[in-house]
Amino acid sequence: MTTVVLADDQPLIRMGFRLVLGSTPDITVIGEADNGGQAVELAVRLDPDVVLMDVRMPGTDGIEATRQVVERAPRSRVLILTTFDLDEYAFAGLHAGASGFLLKDVEPAELISAIRTVARGDAVIAPRVTRRLLDTFASSLPGAPGPGAPLLDRLTPREREVLVQVATGRSNSEIAEQLFLSETTVKTHLGRVLTKLELRDRVQVVVFAFQNGLAPTAGS
């Protein structure tokens, strides 16, 4: 059973999520918060598998709450949800340690799948969000080497290709098709990328790519 805490300042939105998740036999909502501070308290006390975190809440916002959950309840994974397909906090949320980023208009089946994925220790970013992040941030990245530049020397050329493909928001199957590899081989390469770059999941790969100028610019 996957346990979930809902954090959103709008009761109707929480109710909608609770109804969707309540119809899923392997997911149960064990707590609800209407602000970031309460979300952190529930995560620490209840130790949920996943915290569904709204970005914009009164008091402690979703970004700071995510940072605190990652620090104080490290077993709990944070899945950020927002109304905006380019929220100014999107990149900050991923950088704070969120394991996923979805829009609130996500289809119920996609939301359930994302919760299961994050609970397994993987990560989810809506491709639409990733594309907008790339378009907005990639062109403004500094030309100087990023903080992880020395680690890049550990990667083989193929592993660098996989890293860049992940940064575009492509799934393993899409990367396999793009690079003419099997999906199993892509998973193997991605595992080595995570190990060599000392990263936790594919969300951190996206952040690493942004910080080190590896994310493709718009139209590339």
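The values are calculated or read from the model by the stated rules, or taken from the named source; none is laboratory data. Keep in mind it's a predicted model, so treat the numbers as computed, not measured. Cβ coordinates were reconstructed from backbone atoms using ideal geometry, including for glycine residues, and neighbour counts include every protein chain displayed. SASA here: full protein model, heavy atoms, side chains in, ligands and nucleic acids out. Shrake-Rupley method; radii C 1.70, N 1.55, O 1.52, S 1.80 Å.
Computed values, structure above
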| item | result |
| --- | --- |
| Length released on extending from MET1 to SER113, taking residue separation times 0.36 nm less the Cα-Cα span | 38.9 nm |
| Accessible-area order (highest first, 1.4 angstrom probe) of the listed residues ASP61, ASP8 | ASP61, ASP8 |
| Pairwise centroid distance, computed over Cα atoms, of the stretch 176-213 with the stretch 55-71, Å | 27 Å |
| Cα gyration tensor shape for the stretch 1-89, rounded if a/c is under 1.5, else prolate or oblate | oblate |
| Carbon + sulfur, % of accessible area of the stretch 1-115 - ligands and nucleic acids excluded, 1.4 Å | 52 percent |
| Residue order for THR83, THR66 - accessible surface, 1.4 angstrom probe, largest first | THR83, THR66 |
| Whether the stretch 164-207 is rounded, prolate or oblate, judged on the alpha carbon gyration tensor where a/c under 1.5 counts as rounded | oblate |
| Exposure ranking of PHE17, PHE101 by accessible area [1.4 Å probe, largest first] | PHE17, PHE101 |
| Inter-probe distance in nm under a simple model that places probes 7 Å from Cα toward Cβ, at THR83 and ARG56 | 0.6 nm |
